1. In square angstrom, rounded to the nearest 10, how much accessible surface does Glu54 have for a 1.4 Å probe?
2. Please compute P(r) over all alpha-carbon pairs of segment 37-120, binned at 10 Å starting from zero, and give each bin as a whole-number percent.
3. Using a 1.4 Å probe, what is the accessible area per residue for segment 81-137, in Å²?
4. Using mean Cβ contacts within 10 Å as the protection proxy, how do 210-222, 244-256 order, highest first?
5. Evaluate the relative contact order of the chain (contact order divided by residue number), counting alpha-carbon pairs under 8 angstrom at least 6 apart; express in whole percent.
6. In whole percent, and with a 1.4 Å probe on the protein chains, what portion of the accessible area of the chain is carbon and sulfur?
7. If each of Leu238 and Ala147 carries a label point 7 Å out from its Cα toward its Cβ, how far apart are those two points in nm?
8. Just order 63-72, 267-276 by mean Cβ neighbour count inside 10 Å, highest at the front, would you?
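The values are calculated or read from the model by the stated rules, or taken from the named source; none is laboratory data. For clarity, every value in this text was computed on a predicted model and none was experimentally measured. Quick reminder, even Gly has a Cβ in these numbers, built from the backbone with ideal geometry, and neighbours come from all protein chains shown. Heavy atoms of the whole protein, side chains included, go into the accessibility calculation; ligands, DNA and RNA do not. Shrake-Rupley method; radii C 1.70, N 1.55, O 1.52, S 1.80 Å.
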Amino acid sequence: MELAWYALLGLFFAAYLVLGGYDYGVGLLLARRAGAGTGRAALTAVGPFFLGNEVWLVATVGILFGAFPTLEGELLAGFYPVVLGALAGVVLVTAGVQLRGRAGGEATRAGWDRIVVVGGVLAALGWGALLGGLLQGVPLTADGHVAGVGHVVTPFVAATGLTLLTLVAVHGATFLTLRLPPADAPALARLARGLVPAALTAVAATTALGLLSDRVRAAVARPTLAVLLPLALVAALLVARAALRRGRAAVAFAATATALALPAPLVGAALWPRILVATGDPAASLTVTGAAASRPTLALLGWLVLPLLPALLGFQAMCWWVFRGRIDGRAPVYW
């Protein structure tokens, strides 16, 4: 039962990274004050999906709190700089997008745009650093608690944060290629293709740092899965770049979505059966079973999640169906 909940946690977080990822990626593009894909048109393209995408984060946090209370406590205590940074980013993006449309003038809207950009950067860096910190291992005290927060200030953790940031940027630009009018698509496709080399460089740097890190090598229980992650990311990015060059925006978007969906489940699978690996003494690590709630609690939560999952999937499918296709001049202005 613990394995099922662990898999569900990874899948929900992966869905959030895919769906929330293009929200933050579109927000990052607001830093471009000229050209296609900026400002109100970009936010109108993402508008129908924006708040629905954030529901996946709420669901992920709910599973973490209910099914893995010990893990939740250790993540908040041992990773609070990156977790708080990520959550602050989510709040800034949400507030900035909501309030931008109510701004009085261009200067005020530009200020809210900058807030959205900062929020997108914080969210992407924070969630990437969290995954990197888990993959790197953590120092545990004798009573099993994470010791301090110094483990989040390492080159590998920083590189994983930057990698997720570049993936989110590519994903957001690809999303706009799929959603904005055809006249804007070529410029956005060029932008997305231009971001792919930065993402590939970040993946390569993170992989090199991981291979050179004794802590990462010791923490990973299944090295094959850990090596599969960068290979799959590179393949997905190359497919996206080729598809963008051929004008196949839907294929490119599927590829960038795959790139953002892979890290959470593959990191979890590479660490299994441990989730918080103790540096120096892997035997003292916190296992998934040890972090999980009791069997009766998990069974009770199952009855709550059974209707939740199809409702979330149905809502997401409905949104994509109703708002399918590109926006045009007649599209409603959301922000």
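1. Near enough 20 Å² of accessible area.
2. Values per bin, smallest distances first: 16, 40, 26, 15, 3.
3. Details: 2060 Å² over 57 residues.
For segment 81-137, the solvent-accessible area averages 36 Å² per residue.
4. Working: 210-222: 16.8, 244-256: 20.0.
Peptide ranking by packing, descending: 244-256, 210-222.
5. On the way: 524 pairs, mean separation 86.5, N = 335.
Once divided by the residue count of the chain, the mean separation gives 26 percent.
6. Working: 10150 of 14050 Å².
The nonpolar share, carbon plus sulfur, comes to 72 percent.
7. 4.3 nm
8. On the way: 63-72: 18.6, 267-276: 21.0.
Highest mean packing first, the order is 267-276, 63-72.
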